[in-house]
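*Asks:* Before anything else, here's the structure in question.
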């Protein structure tokens with residue numbers, strides 16, 4: 001499923017750390033928005049890892065789970081529609 005992670009973190013150090021961390025899970029589509037194609041278990045693990053990195057009293061992080069049916073209905077301007085990464089890479 002597609003998981004969209006959106007965050008607003010006022011502290012530069014925490015924001016940069018989270019941003020770098022999320023690059024290992026998905027594609028940045030805006031400065032503080034990532035699209036990640038994850039299984040339900042991967043999404044739960046990601047949620048808990050992110051929760052350990054942020055300050056709940058100051059930061060705002062949201063995870064939106066989008067069904068495959070909804071992904072097929074996404075409309076974009078200025079970029080491609082979300083698509084999962086390839087299952088295999090040929091080197």
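Derivation of every value follows stated rules applied to the coordinates shown; laboratory data play no part. What you see is a predicted model; the values in this text were computed from it and never measured. Methodologically, a virtual Cβ is constructed for each residue, glycine included, from the backbone with ideal geometry; neighbour enumeration extends over all protein chains shown.
*Asks:* At 0.36 nm per residue, minus the direct Cα-Cα distance, what do residue 48 and residue 20 gain on full extension? Give it in nm, one decimal, please. It would help to have the intermediate numbers written out before the result.
*Replies:* Values: separation 28, 0.36 × 28 = 10.08 nm, distance 1.63 nm.
Length gained, residue 48 through residue 20: 8.4 nm.
*Asks:* Can you give me the angle between helix 40-53 and the longest principal axis of the chain, using Cα atoms only, in degrees from 0 to 90, rounded to the nearest 10?
*Replies:* Helix 40-53 sits roughly 20 degrees off the main axis of the chain.
*Asks:* Further question on the same structure: Pop a pseudo-label 7 angstrom from the Cα along the beta-carbon direction at both residue 62 and residue 81 and give the gap in nm to one decimal.
*Replies:* Placing both labels 7 Å beyond Cα along the Cβ direction yields 2.3 nm.
*Asks:* Determine, for 1, 43, the number of other Cβ atoms within 10 Å of each Cβ, and report the residues in order from fewest to most.
*Replies:* If I rank by nearby Cβ atoms, fewest first, I get 1, 43.
*Asks:* What does the convex hull of the alpha-carbon atoms of the stretch 22-91 project to on average, in nm²? Please report the intermediate quantities before stating the final value.
*Replies:* On the way: hull surface 25.8 nm².
Projected area, direction-averaged: 6.5 nm².
*Asks:* What length, rounded to one decimal in nm, is gained on full extension from residue 28 through to residue 55, with 0.36 nm per residue of separation minus their alpha-carbon distance?
*Replies:* Once the chain is fully extended between residue 28 and residue 55, it gains 7.5 nm.
*Asks:* Enter the angle in degrees (range 0 to 90, nearest 10) between the Cα long axis of helix 12-22 and the first principal axis of the Cα atoms of the chain, meaning the one along which they spread out most.
*Replies:* 30 degrees
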